[in-house]
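**Student:** Next up is a structure, given as structure tokens.
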Amino acid sequence: MIDLNTATAAELDGVELLRGHGFEIVRYREERGLFTSLRQLYEVPGLAQKTDGVEAHLYFEPGDAS
């Protein structure tokens, strides 16, 4: 399992459902803050409605979202 809030782009690209989108996910996280829901992946450019099943590979630790 990979923590969505700490993973590198390369680690995220290692998840088949996210391959090629790691950079965009990390950029989204840097611009908008930590993920608080896996559904937020729908907001990442190119990922809308393409993340079914990703919960088997990812989790998130919200931590300090400020």
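**Student:** For segment 50-60, give me each residue that is of a type in the set (D, E, K, R) and either part of a helix (DSSP H, G or I) or surrounded by 10 or more Cβ atoms within 10 Å (Cβ to Cβ) (or both).
**Tutor:** Lys50, Glu55
Conditions tested, residue by residue: (1) surrounded by 17 or more Cβ atoms within 10 Å (Cβ to Cβ); (2) modelled with pLDDT under 90; (3) not in a loop (DSSP other than H, G, I, E, B); (4) not polar (S, T, N, Q).
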{"residue": "Ala7", "(1), (2), (3), (4)": "yes, no, no, yes"}
{"residue": "Gly20", "(1), (2), (3), (4)": "no, no, no, yes"}
{"residue": "Glu31", "(1), (2), (3), (4)": "no, no, yes, yes"}
{"residue": "Thr36", "(1), (2), (3), (4)": "no, no, no, no"}
{"residue": "Tyr42", "(1), (2), (3), (4)": "no, no, yes, yes"}
{"residue": "Ala48", "(1), (2), (3), (4)": "no, yes, no, yes"}
{"residue": "Pro62", "(1), (2), (3), (4)": "no, yes, no, yes"}
{"residue": "Ser66", "(1), (2), (3), (4)": "no, yes, no, no"}
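**Student:** For segment 19-44, give me each residue that is under 11 Å from Asn5 (Cα atoms), free of Cβ contacts under 8 Å to residues at least 24 places away in the same chain and among the small types (Gly, Ala, Ser).
**Tutor:** If the condition is that a residue be under 11 Å from Asn5 (Cα atoms), free of Cβ contacts under 8 Å to residues at least 24 places away in the same chain and among the small types (Gly, Ala, Ser), then Ser37 is the only one that fits.
The values are calculated or read from the model by the stated rules, or taken from the named source; none is laboratory data. Everything quoted here is computed from the prediction, not taken from an experiment. Note that we place each Cβ from the backbone using ideal geometry, even for glycine, and neighbour counts take in every protein chain shown.
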